[in-house]
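Below you'll find the structure, written out as structure tokens, and then a few comments.
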Amino acid sequence: MLTRSETARSITLPTGQLDIEVEEAVWPLDALCDFAARENPRRGFLVVSRVLGRHIPAAPQVMRRSVHDLAARIPADLPGPVMVIGLAETAVCLGQTIHEELRLATGRDDIYFIHSTRQQIDHPLLCRFEEPHSHASAHLVYRPDLPVLSPKDPRSLVIVDDEVSTGTTLCNLATAFVEAWPAVEAIVVATLTNWSVGKDWPTRMPRPTQIAALLSGRMEWTQGEVATANAAFDVAAASLGRLRTHRNFGRLGLDAPIALPPITPLPPVEGPLRIVGTGEFTYLPFRLAEKMAQEGHDVVVQATSRSPARLAAAMKAKFCFADNYDTGVPNYLYNADPADQRTTWIAHETGTGTVDPALVRALDADLIGWNA
């Protein structure tokens, strides 16, 4: 039986108080997430995953185990074709790894993957939807470049996000997808932490919806200090990038997991290693980290983010630098301490000279490019 300290907790943040209650947990709360304060007048808190490899460094073995356990909670007999959708930017790697795990577990070849994006490329859009609490609210989804799907549209959607609190974004996304793909019969929302128990958003989904989560509970936010709206920042944060060259790592849909391309030569490694993904480019850096761990290295995964958070609670350190997607939006890397003596590799898809030299210098990093 869980103790009260494991099921109910109050977290005081600079922007207010978060009261949480856990109702079901496959993984313990403290193994899954922490909390931080957002610099955002729309929402003052941030659920910070410990197993995502984004804001908090995570070992690839732990990331893989959490995804394996989450994928095991998704029904194996969903009507096919099945489309797994990862939400940018945070859940791209999570969604892509769930896609990989589902195909391995079920042996099915009719499970596909695509992720939303905030990058513009020369390809027709399938749909667009909004994430209201985010500074960068617009998500683009491109029409999958998957001839095997045409004329057979997906009958099931597996929507992947790292956490669910209100469900509004999921309703917006699902509605947009069902308008584009009316053959959809069933939806599964897969998330590491579901804080929406008791909320009615599943009844507002356009098709019958199940929730798969490693932890489920309730959350109540009491707003304290409100971050001052910054019109200039809001305009910049809403900016979409434009990729000058594009290699399909998931934005145009995938019919099978991407194999890790050979990288020669890899930079030298002495001692522990940190691999940093950039923005939406996180799956291949994770796979590289897995490879390095299998070879015996002490390695952790992190990623840069557009999400502005305060130095408090889960955020112990913070770098701010220019976006390598050239949107003009400030980017951040949290909890990367150069004093930990880790060798750092920064992995990117955006071409030579796109990663801010200030970040490279701060971490004394080597760059690994997977650009087209």
**Request:** Identify the residue in the stretch 319-329 that is crowded, with 17+ Cβ neighbours inside 10 Å and not aromatic (Phe, Trp, Tyr) and, among all such residues, is farthest from VAL300 (Cα to Cα).
**Result:** THR327
**Message:** Looking at ALA58, ALA105, ALA76, ALA72, can you tell me which residue is small (Gly, Ala, Ser), under 18 Å from the mean Cα position of the chain (by Cα) and farther than 18 Å from LEU149 by Cα?
**Reply:** ALA58
**Message:** Checking the conditions here, which among THR304, THR354 is in contact with a Leu (Cβ under 9 Å, 6 or more places away or on another chain) and either closer than 22 Å to LEU32 by Cα or polar (S, T, N, Q) (or both)?
**Reply:** THR304
**Fill in**
In the stretch 253-280, anything in contact with a His (Cβ under 6 Å, 6 or more places away or on another chain) and crowded, with 23+ Cβ neighbours inside 10 Å is listed as THR278
**Item:** Unique residue being closer than 18 Å to THR166 by Cβ, part of a strand (DSSP E or B), open to solvent by 10 Å² or more (accessible area, probe 1.4 Å) and of a type in the set (S, T, N, Q) when the list is THR203, THR222
**Value:** THR222
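Go through the stretch 79-93 and report how many residues are among the small types (Gly, Ala, Ser) and more than 17 Å from the chain's Cα centre (by Cα).
Number of matching residues: 1.
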**Prompt:** Within the stretch 206-225, which residues are within 12 Å of ALA190 (Cβ to Cβ) and of a type in the set (A, V, I, L, M, F, W, C)?
**Reply:** ILE211, ALA212, ALA213, LEU214
**Message:** Please verify whether VAL276 is within 17 Å of the chain's Cα centre (by Cα) and closer than 20 Å to GLU89 by Cβ, treating the condition exactly as stated.
**Reply:** yes
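Results for (1) at pLDDT below 95; (2) out of contact with any Ser or Thr (no Cβ under 9 Å at 6 or more places or on another chain); (3) of a type in the set (S, T, N, Q), shown as yes or no for each residue.
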position: PRO262; (1), (2), (3): yes, yes, no
position: ILE275; (1), (2), (3): no, no, no
position: PHE286; (1), (2), (3): no, no, no
position: GLN294; (1), (2), (3): no, yes, yes
position: VAL299; (1), (2), (3): no, yes, no
position: SER307; (1), (2), (3): yes, no, yes
position: MET315; (1), (2), (3): no, yes, no
position: ASP326; (1), (2), (3): yes, no, no
**Residues (open to solvent by 50 Å² or more (accessible area, probe 1.4 Å) and more than 25 Å from MET219 (Cβ to Cβ)) located in the stretch 41-64** = GLN61
**Message:** Being over 22 Å from PHE177 (Cα atoms) and without any contact (Cβ under 8 Å) to a residue 24 or more places away in the chain: is that true of ARG43 here?
**Reply:** no
**Asked** Taking strands (runs of 3 or more DSSP E) that do not extend beyond the stretch 293-358, which have at least 2 residues that are of a type outside the set (A, V, I, L, M)?
**Response** 318-322, 330-334, 343-348
**Residues located in the stretch 283-318, provided they are basic (Lys, Arg) and either more than 19 Å from VAL47 (Cα to Cα) or open to solvent by less than 60 Å² (accessible area, probe 1.4 Å) (or both)** = ARG287, LYS291, ARG306, ARG310
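So, restricting to strands (runs of 3 or more DSSP E) that lie completely within the stretch 68-165, which ones have at least 3 residues that are surrounded by fewer than 18 Cβ atoms within 10 Å (Cβ to Cβ)?
125-130
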**Prompt:** Out of (1) out of contact with any Ser or Thr (no Cβ under 6 Å at 6 or more places or on another chain); (2) without any contact (Cβ under 8 Å) to a residue 60 or more places away in the chain, what's the single condition that is false for ASP340?
**Reply:** (2)
**Residue in the stretch 349-371 that is surrounded by the most Cβ atoms within 10 Å (Cβ to Cβ), counting only those that are within 17 Å of ALA303 (Cβ to Cβ) and among the acidic types (Asp, Glu)** = GLU349
**Asked** For the subset of the stretch 17-40 comprising residues that are open to solvent by 10 Å² or more (accessible area, probe 1.4 Å) and among the small types (Gly, Ala, Ser), which member is nearest to PRO308 (Cα to Cα)?
**Response** ALA31
**Asked** If only one of ARG143, ARG118, ARG155, ARG128 is basic (Lys, Arg) and more than 21 Å from the chain's Cα centre (by Cα), which one is it?
**Response** ARG155
**Request:** Restricting attention to the stretch 176-191, report how many residues are within 16 Å of ARG128 (Cα to Cα) and either crowded, with 20+ Cβ neighbours inside 10 Å or in contact with a helix residue (DSSP H, G or I) (Cβ under 6 Å, 6 or more places away or on another chain) (or both).
**Result:** 1
**Asked** In this structure, does VAL188 turn out to be modelled with pLDDT of 95 or more, closer than 30 Å to GLY351 by Cβ and in a strand (DSSP E or B)?
**Response** no
**Asked** Going by the conditions given, is ALA259 among the hydrophobic types (A, V, I, L, M, F, W, C) and under 28 Å from LEU18 (Cβ atoms)?
**Response** no
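The values are calculated or read from the model by the stated rules, or taken from the named source; none is laboratory data. No experiment lies behind these values; they were computed from the predicted model shown. Every residue, glycine as well, gets a Cβ built from its backbone with ideal geometry; the counts of neighbours run over all protein chains shown. Only protein heavy atoms, including side chains, enter the accessible area calculation; ligands, DNA and RNA are left aside. Shrake-Rupley method; radii C 1.70, N 1.55, O 1.52, S 1.80 Å.
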